[in-house]
Amino acid sequence: MKRLTILGSTGSIGKSALDIVSSNRELFRVVAMTAGRNIDLLQEQIMAFSPQMVAVADESAAVELRRRIGLAVPEILSGDEGVAQVAMYSDSDFVLSAIVGAAGLVPTVSAIRSGKTIGLANKETMVMAGKIVTAESQRCGVQILPVDSEHSAVFQCIEGYIRSDVSRIILTASGGPFADSDGKNMESITPEEALRHPKWNMGKKITIDSATLMNKGLEVIEAHHLFCIPPDRIDVLIHPQSIVHSMVEFKDGCCMAQLSIPDMKGPIAYAMSYPERLRDILRPLDLSSISTLTFRKPNHDVFPCLSYAYMALEAGGTMPSVLNAANEVAVDAFLCGAIRFSEIPSVIRKTMDKHTVMPDTELPAILEADRWARETAGDLIRQ
């Protein structure tokens, strides 16, 4: 039986993972989990899965949860240190890193250093510290299994092949709710409109990133580190049907694609059960009912965030961390009504322009760049 830790159990990825566990109790046991401040849902999850250790965002939430649970088990921790302790929990075999944003970096690195197999759903970990994460995983003999649908697709396509035979990775993107936009009405887009994703059910931050195509930009950076492919050999295509999750082109010109209905349970289950596959996770794909699959190049003028990701990757060092932090601040400001949708790229670009790139070989430097970028982006928004 595989013993699981779920970092971010109350988010969309965490909830899907727990659904998979519920249907496969003979294969998985949840021994630890973390959440933010949604202690109502976390309490339900604790009662359903009986973890031995839990962590929440702050001590006030931990106090309330202890009062509600009233049990010696699970041990309930709090704050960044508590989350990191859960990530390193000795009784766990597999850590699903599903915390949204930069907050997932330190606990994921902690889990790697404690020798856990990682199911990586937190792309920001690779965006901010890809060199460090890959080096640490190699040093500790830890396997990182991608959970993002696109990277899981690439992983499945190249499994068993020599990496030097890969000539190109093609990441597909739904294009979000504004895939067909000409860019003329971006100023008037409301948070409610931007959160209406046509295909995927995701958290708010990731949904907004999909609407700006920043999500795809972050995935380009993640793919570069996960698969050791240079950025000029990583392409993006808009694929509104969201059936082909990514493609790998080999040096002989052959191209392999991974297809399924758009449901994150597929890549989550594959990472959890790897190298085996579970039965009946997804509804079978009926291509005859879909009829048409279309692909086109993204419009970088309408969606400049994608270009900024390539720029950050080219600049290297701490620039990807700055890109990510500025984006998180800008997205939060948009959701709170402090800026317009069209101003998200502007905040990101201005923050990047102000940054002096530093080496990304040490975690403190990356975290400092993250802190600086959040402060700088916040100042730009308040101006």
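No value in this document is a laboratory result; all are computed from the given coordinates. Model, not experiment: these values are computed from the prediction. Cβ coordinates were reconstructed from backbone atoms using ideal geometry, including for glycine residues, and neighbour counts include every protein chain displayed.
Remarks
- Sequence of C255, C336 once ranked by neighbouring C-beta atoms within 10 Å, starting from the fewest: C336, C255
- Note on R163 and D80: with the Förster distance fixed at 25 Å, the Cβ-Cβ geometry gives a FRET efficiency of about 0.10.
- Of interest is the spacing of the C-alpha centroids, which for region 20-45 and region 244-264 amounts to 32 Å.
- Largest mean-square fluctuation among D182, D209, D252, in a Gaussian network model of the chain whose springs join Cα atoms under 10 Å apart, belongs to D252.
- Note on C140 and S23: with the Förster distance fixed at 25 Å, the Cβ-Cβ geometry gives a FRET efficiency of about 0.20.
- When only the Cβ of Lys, Arg, Asp and Glu is charged (+1, +1, -1, -1), the dipole of the chain relative to its Cα centre reaches about 440 debye.
- Here the Gaussian network model covers the chain, with springs between Cα atoms less than 10 Å apart; of A87, A330, A61, A61 fluctuates the most.
- Whether region 1-145 is rounded, prolate or oblate, judged on the alpha carbon gyration tensor where a/c under 1.5 counts as rounded: prolate
- The convex hull built on the alpha-carbon positions of region 235-280 has an orientation-averaged projected area of 4.4 nm².
- The residues neighbouring V31, those whose beta-carbon lies less than 12 Å from its own, together hold a net charge of +1 under the Lys/Arg +1, Asp/Glu -1 convention.
- Cα extents of the chain along the three principal axes, largest first (Å): 57, 52, 41
- Kyte-Doolittle mean at least 0.5, axial Cα span of 20 Å or more - DSSP H helices of the chain: 319-335
- When D148, D80 are arranged by Cβ crowding within 10 Å, least crowded first, meaning fewest neighbours, the order is D80, D148.
- Efficiency of FRET between R283 and D379 - r from beta-carbon atoms, R0 51 angstrom, step 0.05: 0.60
- Gaussian network model of the chain, springs between alpha carbon atoms under 10 Å - residue of Q138, Q258, Q241 with greatest fluctuation: Q138
- Sites listed here are trypsin sites (Lys or Arg not before Pro) in region 119-210 whose DSSP assignment is loop and whose Cβ has at most 14 other Cβ atoms within 10 Å: K184, R196.
- Legend: residue pairs K116/K251; K205/K265; K131/K354; K265/K350; K131/K251; K15/K131, Cα-Cα distance threshold 28 Å; pairs beyond threshold, K116/K251; K265/K350; K15/K131.
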